[in-house]
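First the structure, in the form of structure tokens, and then the observations on it.
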Amino acid sequence: MPVDPLRVISDLEELRALTADENGAQRIAWSPTWLKAREWFQGKLKGLPVEHHYDAAGNSWTTLPGDADRALVLGSHLDSVPNGGWLDGCLGVAAGLEVLRGFTEDFHGRPPITIRLVDWADEEGARFGRSLFGSSAFAGTHTIAVDRVRNDRDGVRLEQALRLCGVDVEKIGDAGVERKNAAAYLELHIEQGPVLENMHLPLGVVLGTKGVERHAITFHGQEAHSGSTPMTVRRDALAAAAKLALEIRPIAKKHPDAVATMGSVKTFPGIVTAVVGRCETTLDMRDLDVEVLASMLSEALAASERFAAEEGCTVDWSRIWSIEPISFSPRLIEFCDEAVRETAGISHRLPSGPLHDAAEVARTGIPTVMMFTQSLAGLSHNKAEDTRAEDLKAAVVAFDRLARKTLKWLSV
Ligand SMILES: [Zn+2]
């Protein structure tokens, strides 16, 4: 049976009606609305010959058993940011469900290998600031030792919120048992950026997720009176930071897919009548190539020291967080490329700037690939997030093709 893309769109509309308000989607992980979304999903499984359970980290697993235990895994996430869009995450779950329905019918309920669909718990990290929660527990890269004491805005601790959803924080590592037999992982997601739209393409093949270097950079100068301090003797920490903010742009532009952002600047004392004595900034750099990322980082470091010296300041760096670039499976990239080409006539390969659950899965060595569909105006994490109906339809058809190619590969 060919997949029915209109059924996917109507499922998504149903979910939106159930879990969004006038400001957008409100499926924040560990909230009642999120649980409602998951209950809705379980309702959709009625009549399918599948087993469903939640693992130790709250990931939702739907399994269609096959002749072989080895499993093709499809997945994404139903949780959203507050005031989120109607497609981020749930498109991949709804499309995965449709592929599952198609396989059930085609193989009379018993495919040659096992097919699984996962809805990862708390991909967004919107409430506690810990993204990829469920998939990192699955991958064994979770950081619960430091995360357990995280609080939300109302002072609720992460472990309390999890307990209310039936998840014991001590045990989330047990989600690793779900890795057993997982032979490939596929994820469909909206692009959340403008690349495909600018190229007038409905679909893209994701090469991997960019590595991230995230640092706090502080320039130290000398606070001084803004009226009495001559320009020639100032040690202005903001001036040094400002030079760096401009310099990271040519540093990133040397590489086609690299990005660099200074997203936060705080000045001290931060008053209109004082030269800035201390300036705290942040830098976030991303690229798919580990060497490009390393060279961007060392260039930024050298530039910051140069500018600090020029302004009579000093600078210090501390790493906030980093993750290495994660490349997807070359074979699955080929399958995805074929599926996109057969559906849209043309394909394009691109890295993902945002992180996704697929990155955690790929880290475990399970062959993984993602497919992107175009986002209108590159908007996401916003109620205005949208994708043309014709592109959504193409995405479902192409994703089904990718799943079939992968199933065939795993079946031999
Ligand atoms: Zn997402």
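The values are calculated or read from the model by the stated rules, or taken from the named source; none is laboratory data. Worth saying up front: this structure is predicted, and the values here are computed from it rather than measured. Here the Cβ positions follow ideal geometry from the backbone for every residue, glycine too, while neighbour counts run over all protein chains shown.
Which condition does ARG38 not pass, out of (1) under 21 Å from ARG401 (Cβ atoms); (2) out of contact with any helix residue (DSSP H, G or I) (no Cβ under 9 Å at 6 or more places or on another chain); (3) of a type outside the set (Ser, Thr, Tyr), if it passes all the others? If we test ARG38 against (1) under 21 Å from ARG401 (Cβ atoms); (2) out of contact with any helix residue (DSSP H, G or I) (no Cβ under 9 Å at 6 or more places or on another chain); (3) of a type outside the set (Ser, Thr, Tyr), just (1) comes out false. The criterion of being within 16 Å of the ligand (Cβ to nearest atom), outside any strand (DSSP E or B), over 15 Å from the mean Cα position of the chain (by Cα) and at pLDDT 95 or above does not hold for ALA137.
Checking the stated criteria, GLY176 turns out not to satisfy the condition of being part of a loop (DSSP other than H, G, I, E, B) and of a type outside the set (S, T, N, Q). Residues that are surrounded by fewer than 22 Cβ atoms within 10 Å (Cβ to Cβ) and at pLDDT 95 or above within region 165-177 comprise CYS165, GLY166, ASP168, LYS171, GLY173, ASP174, GLY176, VAL177, listed in sequence order.
Residues are listed down the side, and each one gets a yes or a no for (1) more than 29 Å from ALA126 (Cβ to Cβ); (2) at pLDDT below 95; (3) not assigned by TED's automatic domain parsing to the domain that holds CYS313:
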residue: ASP152; (1), (2), (3): no, yes, yes
residue: VAL156; (1), (2), (3): no, yes, yes
residue: TYR185; (1), (2), (3): no, no, yes
residue: LEU196; (1), (2), (3): no, no, yes
residue: HIS220; (1), (2), (3): yes, no, no
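Listed by position, the strands (runs of 3 or more DSSP E) contained in region 43-87 that have at least 1 residues being within 23 Å of VAL412 (Cα to Cα), within 16 Å of the ligand (Cβ to nearest atom) and not small (Gly, Ala, Ser) are 68-76. Evaluating SER375 against the criteria (1) within 16 Å of the ligand (Cβ to nearest atom); (2) buried (at least 24 other Cβ atoms within 10 Å of the Cβ); (3) under 30 Å from GLU213 (Cα atoms); (4) more than 17 Å from the chain's Cα centre (by Cα) leaves one unmet condition, (4).
Under the condition of being more than 11 Å from SER80 (Cα to Cα) and more than 11 Å from the ligand (Cβ to nearest atom), the residues counted in region 120-134 number 5. Counting only residues that are in a strand (DSSP E or B) and more than 16 Å from the ligand (Cβ to nearest atom), region 190-207 holds 3 of them. Any residue in region 39-59 that is without any contact (Cβ under 8 Å) to a residue 40 or more places away in the chain and among the acidic types (Asp, Glu) sitting within a Cβ distance under 8 Å of a residue that is outside any loop (DSSP other than H, G, I, E, B) and crowded, with 16+ Cβ neighbours inside 10 Å? List the pairs, counting only those 6 or more apart or interchain. Short answer, once both residue conditions are applied: GLU51/THR62; GLU51/THR63. The residues listed here are ARG116, ARG148; of these, the one that is modelled with pLDDT under 95 and either in contact with a strand residue (DSSP E or B) (Cβ under 8 Å, 6 or more places away or on another chain) or on the phi < 0 side of the Ramachandran plot (or both) is ARG148. Within region 126-139, the set of residues being surrounded by fewer than 17 Cβ atoms within 10 Å (Cβ to Cβ) and closer than 16 Å to GLY58 by Cβ is empty.
Note on region 1-41: residues that are surrounded by 13 or more Cβ atoms within 10 Å (Cβ to Cβ) and in a strand (DSSP E or B) total 3. Among the residues of region 208-258, those that are β-branched (Val, Ile, Thr) and crowded, with 16+ Cβ neighbours inside 10 Å comprise THR209, VAL212, ILE217, THR218, THR229, ILE248, ILE251. Taking every residue in region 214-241 that is more than 30 Å from PRO354 (Cβ to Cβ) and pairing it with any residue that is among the acidic types (Asp, Glu) and part of a helix (DSSP H, G or I), at least 6 positions away or on another chain, the pairs with Cβ-Cβ distances below 9 Å are ALA239/GLU310; ALA240/GLU310.
Of these, ILE271, ILE320, which one is at pLDDT 95 or above and aliphatic (A, V, I, L, M)?
On inspection, the qualifying residue turns out to be ILE271.
Every test in (1) surrounded by fewer than 15 Cβ atoms within 10 Å (Cβ to Cβ); (2) outside any helix (DSSP H, G or I); (3) over 23 Å from the mean Cα position of the chain (by Cα); (4) not small (Gly, Ala, Ser) is passed by LYS408 save one, and that test is (2).
Residue-wise test of (1) within 17 Å of the chain's Cα centre (by Cα); (2) away from the ligand (no atom under 16 Å from the Cβ); (3) within 22 Å of HIS189 (Cβ to Cβ); (4) assigned by TED's automatic domain parsing to the domain that holds VAL93.
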| residue | (1), (2), (3), (4) |
| --- | --- |
| MET296 | no, yes, no, no |
| GLU305 | no, yes, no, no |
| GLU311 | no, yes, no, no |
| TRP317 | no, yes, no, no |
| ARG331 | no, yes, yes, yes |
| PHE335 | no, yes, yes, yes |
| HIS356 | yes, no, yes, yes |
| VAL361 | yes, no, yes, yes |
| THR364 | yes, yes, yes, yes |
